[in-house]
Amino acid sequence: MNVQGSNGLVQTMAYDLALNLPRAMLGAKANETANAIIAKLNSKAGTNVAMSETVKLNAVLGVTILKPTIRLKYGSGDAKATAKDAVNSVIA
């Protein structure tokens with residue numbers, strides 16, 4: 001886990017979280033769905049790509065210390081670049 005951010009004097013907070021979540025914590029249904037999608041892509045592309053045991057999640061922890069909120073960050077530049085690199089490596 002990587003955490004960076006700040007607290008304010010009036011109990012505000014803004015933290016960016018980079019988490020490596022074990023796939024087992026996602027539940028059986030999510031893992032089955034992900035494995036089915038990967039298997040389908042592997043059969044179409046003729047590859048043997050497997051999912052790692054962890055899933056990288058980016059989140060924001062914020063608002064106030066007494067009423068915290070957490071939300072996932074989707075489509076960050078890093079995620080897009082990583083996905084593009086993965087597709088390019090499979091094609092190569």
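Could you give me the ³J(HN,Hα) list for the range 21-28, computed from phi with Karplus coefficients 6.51, -1.76, 1.60 and θ = phi - 60°, whole Hz, x at Gly and Pro?
8, x, 4, 4, 6, 7, x, 5
Can you work out ³J(HN,Hα) from phi for every residue in the range 63-73, in order, using Karplus 6.51 cos²θ - 1.76 cosθ + 1.60 and θ = phi - 60°, giving whole Hz and x for Gly and Pro?
Calculated HN-Hα couplings, in order: 6, 10, 5, 7, 10, x, 10, 10, 9, 7, 9 Hz.
What is the gain in length, in nm to one decimal, between Tyr15 and Asn31 on full extension, counting 0.36 nm per residue of separation less the C-alpha to C-alpha distance?
2.9 nm
No value in this document is a laboratory result; all are computed from the given coordinates. Please read all numbers here as calculations on a predicted model, not as lab measurements.
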